[in-house]
1. Please provide three numbers in whole Å: the alpha-carbon extents of the range 95-173 along the principal axes, with the largest listed first.
2. Just add up the charged neighbours of E38: K/R +1, D/E -1, any other residue whose Cβ is under 15 Å from the Cβ of E38.
3. So if I take the centroid of the Cα atoms in the range 155-203 and the same for the range 71-143, what is the distance between those two points in Å?
4. For the chain, with a Gaussian network of springs between Cα atoms less than 10 Å apart, report the residue from V197, V150, V216 with the top mean-square fluctuation.
5. Pop out the carbon and sulfur fraction of the accessible area of the range 14-235 as a percent, whole number, probe 1.4 Å.
6. Could you give the C-alpha radius of gyration of the chain expressed as a fraction of 2.2 N^0.38 Å, taking N as the number of residues it contains?
7. For the chain, what does -39500 (n - 2.57) per DSSP helix run (n ≥ 4), summed and divided by total residues, give at 222 nm, in deg cm²/dmol to the nearest 500?
8. Under the 0.36 nm per residue contour assumption, what length would be gained going from the current alpha-carbon distance of I159 and E14 to full extension?
Amino acid sequence: MANPCNIANVTDLEKFIVKEAPPTIYYIPNFITETEEEYLLQQVYRAPKPKWTQLSGRRLQNWGGLPNPKGMLTEKLPDWLLKYTEKISALGAFARKAANHVLVNEYKPGEGIMPHVDGPLYHPTVTTISLGSHTVLDFYKPVCETQSEVPQTEKSRYILSLLVQQKSLLILQDDMYKCYLHGIQGVSEDILSEHVVNLSSTDAHLGNALPRSTRVSLTIRHVPKVVRANLLLGKK
Ligand SMILES: O=C(O)CCC(=O)C(=O)O
Ligand SMILES: [Fe+2]
């Protein structure tokens, strides 16, 4: 498979760190080729209708099992996803573990996702391949309990944004996974402000308005706590 950025492991990843952000965001533009992007989109839209779950602001497909505190009953990932989960795991994104879970999110222009943290069900790393459109990911400080006299709004907790282009790979780890929240505004175009920290790595410029198309993201993670089906059936 053509690898336009030639990255082989965590050390190589270091040059993709977004320095203006708290630790740690890696942003790798053109992680996949246009042909791979088309192929992945084809596979996503080939899934049978019941595979989709409609939420208020987006649709999603869940692959690999349903993460839950008791342990995820694992399902084998399809080959078209395995190719990418293996490639990202080989970079060392999940320490020595391999990704075993993929969430496919589809956002129409105007759709987004509320600020949230991905939480403790996953190894504290999230990796995302973007298909079909750019988006802008916004980051927020967590609510600080010791400062309760001052009301903390979404606006006061906002820290910065990242322009995430189609075909890119984004990796969030450390505090950016564990503490800070991430979200996507439900807008149909993004005005690139001075708070967008990675404009130099793209063709986009400050002040540009980028209309969104439909974006499909592959959110690839490792769920450490799994249960095997035969254990559930009481077999050894
Ligand atoms: O679509 C994205 O890039 C973000 C998805 C996300 O935050 C999630 O699924 O937890
Ligand atoms: Fe998330």
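1. 42, 34, 17
2. Its environment carries a net charge of +1.
3. For the range 155-203 versus the range 71-143, the Cα centre distance is 15 Å.
4. V150
5. Exposed carbon and sulfur together represent 55 percent of the surface.
6. The value comes to 1.03.
7. -4500 deg cm²/dmol
8. 50.0 nm
The values are calculated or read from the model by the stated rules, or taken from the named source; none is laboratory data. The structure presented is a predicted model; accordingly, all values stated were derived computationally and were not measured. Heads up, the Cβs are rebuilt from the backbone with ideal geometry, glycines too, and the neighbour counts pull from every protein chain shown. To get the accessible areas, we keep the full protein, side chains included, count just its heavy atoms, and leave off ligands, DNA and RNA. Shrake-Rupley method; radii C 1.70, N 1.55, O 1.52, S 1.80 Å.
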